[in-house]
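Participant: Structure incoming, see below.
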Amino acid sequence: MGNLKIRSLTAILLIPLVFFIIWDGGVLYLLLCVTVLTIGSLEFGKMYARQPSNQHSLILLGICTALQPIVRYYSTAEGSMLVLVLSVFLFGIWGVIAYEKGNATAANGFAVMVSGLVYFGWIGGYLITLRRIPDGQLWLLLCLLLIWTSDTGAFFIGSLIGKHRMLPLVSPRKTWEGYFGGIVTCLAIGLLLHRLVPNFGNMMTALQMLLLALSISCIGSVGDFVESMIKRTFQAKDSSNLIPGHGGFFDRLDTVLWVIPIGYFFYTII
């Protein structure tokens, strides 16, 4: 079976389940967030650990990342900020002890753990923050629908007519035609959703929907480039092979980690 067929079949099976869990928004949703963010952080850490100078504690990184969505769910963002600070202190203690024991590049491991925690724990924690606002399930689903349609539009349009590469060293297959094709697709789907789904129409005006779609499609792609940069630095094709046809959890979170905070701050502005 071709990779595209495997990707499509996996998406058909998983997307309805994910949407159901998001709509429920209870402990099952918390478990989903903890799982994907923690595994994503471990995949991130393992890629960096491919270079001996970047050795760090995956256990500490995983535990502290998992605590972020848990604290946000049962407390507040301010509470998770306290846990974030304490986690960085803990990483610093680990680094000092590791250096004293002979790890001359312990500072690299400290930096890897802090960046992984901030990226997956703190920023990823907005999956909880966005879901907890009024109509949070609608906002979350809308953000996901917009970035996924943007990615899909960029893929197919880039495959059909893409000729001018955007970042040949970071992501050789990404083209300007695909990038702008993704933006146009996202804008069209956003406007369609606004007109056909009353709940979305009640949440914002058509102009606001277009601005949200434009922000998500333009900025969300950067998350994909960031992960590509990391994978190419450490010669990794995918972050892992846990999701058939889709690679690892980091591969699925790359744009989501950029889009969900955009959705939350857009909500606070309007």
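Residues are listed down the side, and each one gets a yes or a no for (1) charged (D, E, K, R); (2) open to solvent by 70 Å² or more (accessible area, probe 1.4 Å); (3) out of contact with any His (no Cβ under 6 Å at 6 or more places or on another chain); (4) more than 30 Å from Asn202 (Cβ to Cβ):
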position: Leu84; (1), (2), (3), (4): no, no, yes, yes
position: Val96; (1), (2), (3), (4): no, yes, yes, yes
position: Gly102; (1), (2), (3), (4): no, no, yes, yes
position: Val118; (1), (2), (3), (4): no, no, yes, yes
position: Tyr126; (1), (2), (3), (4): no, no, yes, no
position: Thr129; (1), (2), (3), (4): no, no, yes, no
position: Gly136; (1), (2), (3), (4): no, no, yes, no
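Participant: Also: Can you list the helices (runs of 4 or more DSSP H) lying wholly within the range 100-189 that have 2 or more residues being within 30 Å of Pro52 (Cα to Cα)?
Facilitator: Those helices (runs of 4 or more DSSP H) span 106-116.
Table: residues versus (1) surrounded by 14 or more Cβ atoms within 10 Å (Cβ to Cβ); (2) over 20 Å from Thr152 (Cβ atoms); (3) touching a Gly at 6+ places or on another chain (Cβ under 7 Å).
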position	(1), (2), (3)
Tyr179	yes, no, no
Gly201	yes, yes, no
Ile216	yes, no, no
Ile219	yes, no, no
Ile230	yes, yes, no
Lys237	no, yes, no
Asn241	no, yes, yes
Phe249	yes, no, yes
Tyr267	yes, yes, no
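Participant: Also, quick follow-up: Looking at this structure, is Leu207 over 14 Å from Leu145 (Cα atoms), open to solvent by 30 Å² or more (accessible area, probe 1.4 Å), among the hydrophobic types (A, V, I, L, M, F, W, C) and modelled with pLDDT of 95 or more?
Facilitator: yes
Participant: Among the residues that make up the range 3-12, is at least one of them within 20 Å of Asp251 (Cβ to Cβ), within 20 Å of the chain's Cα centre (by Cα), modelled with pLDDT of 95 or more and of a type in the set (A, V, I, L, M, F, W, C)?
Facilitator: no
Participant: Against the condition touching a helix residue (DSSP H, G or I) at 6+ places or on another chain (Cβ under 8 Å), touching a residue at least 40 places away in the same chain (Cβ under 8 Å), under 25 Å from Lys174 (Cβ atoms) and basic (Lys, Arg), how does Arg232 come out, does it pass?
Facilitator: Criteria not met by Arg232.
Participant: Going through the range 231-270 one residue at a time, which ones are of a type in the set (Asp, Glu) and part of a helix (DSSP H, G or I)?
Facilitator: Asp251
Participant: Right, another one. Is it the case, given these coordinates, that Leu67 is over 15 Å from Gly116 (Cβ atoms), open to solvent by 50 Å² or more (accessible area, probe 1.4 Å) and either in a helix (DSSP H, G or I) or at pLDDT below 90 (or both)?
Facilitator: Working: over 15 Å from Gly116 (Cβ atoms): no; open to solvent by 50 Å² or more (accessible area, probe 1.4 Å): yes; either in a helix (DSSP H, G or I) or at pLDDT below 90 (or both): yes.
Against the criterion (over 15 Å from Gly116 (Cβ atoms), open to solvent by 50 Å² or more (accessible area, probe 1.4 Å) and either in a helix (DSSP H, G or I) or at pLDDT below 90 (or both)), Leu67 does not qualify.
Yes/no matrix, rows are residues, columns are (1) on the phi < 0 side of the Ramachandran plot; (2) modelled with pLDDT under 95; (3) touching a Ser or Thr at 6+ places or on another chain (Cβ under 6 Å):
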| position | (1), (2), (3) |
| --- | --- |
| Asn108 | yes, no, yes |
| Gly121 | yes, no, yes |
| Arg132 | yes, yes, no |
| Trp148 | yes, yes, no |
| Thr152 | yes, yes, no |
| Gly158 | yes, yes, yes |
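The values are calculated or read from the model by the stated rules, or taken from the named source; none is laboratory data. Treat the numbers as computed from the prediction; the structure is a model and nothing was measured. As a convention, Cβ positions derive from the backbone with ideal geometry for all residues, glycine included, and neighbour counts pool all protein chains shown. Surface accessibility is based on the protein's heavy atoms, side chains included, excluding ligands, DNA and RNA. Shrake-Rupley method; radii C 1.70, N 1.55, O 1.52, S 1.80 Å.
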